[in-house]
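J.: Could you have a look at this structure, given as structure tokens, before my questions?
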Amino acid sequence: MENLYTILGVAPNASDDDIKKVYRSLAMRYHPDRNDAPGAEVRFKSITKAYEILSDPAKREEYNQSVNHRIIIDAGEEAFALWKSLFALHGVTLPA
């Protein structure tokens, strides 16, 4: 599971205005109409998904609760999933 705060590059205690400001900046940078890089569209979709959740107070609180209370069963698999999502943001697919 990707950390939505990391995708936007904001702290978990960021204000709504900070999240909106960062989202607009990243959305302009990675929008498929403005950026032809291979991973730009995937990155744009991740940014949009993160903003949709973090900009809604109810969804943000639910997300915060799920992140703070989840149990990691297999740490190696969790680490690989995090690396895989990081590489996916840049358009690189890791083998399973």
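The values are calculated or read from the model by the stated rules, or taken from the named source; none is laboratory data. What you are looking at is a predicted structure, and each value in this text was computed from that prediction instead of being measured. Positions of Cβ are backbone-derived with ideal geometry, glycine not excepted, and every protein chain shown enters the neighbour counts.
J.: Of all residues in the range 1-24, which are under 11 Å from the mean Cα position of the chain (by Cα) and either part of a loop (DSSP other than H, G, I, E, B) or modelled with pLDDT under 90 (or both)?
T.: M1, E2, N3, G9, V10
J.: May I ask you to say which residue of R34, R43 is out of contact with any strand residue (DSSP E or B) (no Cβ under 9 Å at 6 or more places or on another chain), exposed (fewer than 15 other Cβ atoms within 10 Å of the Cβ) and either of a type in the set (S, T, Y) or at pLDDT 90 or above (or both)?
T.: Only one candidate qualifies: R34.
J.: Still on this structure: Would you please list the contacts, defined by Cβ atoms under 9 Å and residues six or more apart or on different chains, that run from a residue in the range 1-20 that is under 21 Å from L82 (Cβ atoms) and buried (at least 18 other Cβ atoms within 10 Å of the Cβ) to a residue that is of a type in the set (D, E) and at pLDDT 90 or above?
T.: Filtered contacts from the range 1-20: V10/D18.
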